[in-house]
Amino acid sequence: MGLGRVQPEARDLALTVGQVLDRVGAAQVSNVVVTGGEPLLQQQSIAQLAVALKVRGHRIEVETNGTRTPTAELAQQWTSGTCLRS
């Protein structure tokens with residue numbers, strides 16, 4: 001179930017960390033993927049969200065294009081994965 005599916009009229013919708021937590025809780029999911037654009041441009045907010053999600057028992061993944069280096073605080077919160085090269 002994707003919480004971030006964008007509808008044309010909702011393209012500029014900005015959510016607070018609390019609102020995202022409410023939506024994740026309502027969706028009853030265990031894994032949360034942060035993606036879209038370049039999430040590491042918003043590292044402070046993403047770090048706050050990741051800490052709050054981890055405390056609630058969620059697994060966190062961040063999809064990045066690799067042009068930004070994550071802060072140590074943020075990198076400690078997410079589950080690392082493997083990147084497949086084509």
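Derivation of every value follows stated rules applied to the coordinates shown; laboratory data play no part. Since this is a predicted model, take the numbers as computed values, not measurements. A quick note on method: Cβ atoms are made from the backbone with ideal geometry, for glycine too, and the neighbour counts reach across all protein chains shown.
How much net charge surrounds E38 when only the other residues with a Cβ under 10 Å from the Cβ of E38 are counted, with Lys and Arg +1 and Asp and Glu -1?
Net charge in that neighbourhood comes out at 0.
Using only the alpha carbons, work out the radius of gyration and Dmax of region 30-80 in angstrom.
So, for region 30-80, Rg and Dmax equal 9.9, 29 Å respectively.
Taking the Cα centre of region 30-80 as origin, work out the dipole magnitude from +1 charges on Lys and Arg Cβ and -1 charges on Asp and Glu Cβ, in debye rounded to 20.
Values: 4 positive and 4 negative charges, 35 e Å.
Here region 30-80 has a charge dipole of around 160 debye.
In nm, to one decimal, how far is the T69 label point from the V17 one, both placed 7 Å along Cα→Cβ?
Modelled inter-label distance: 2.4 nm.
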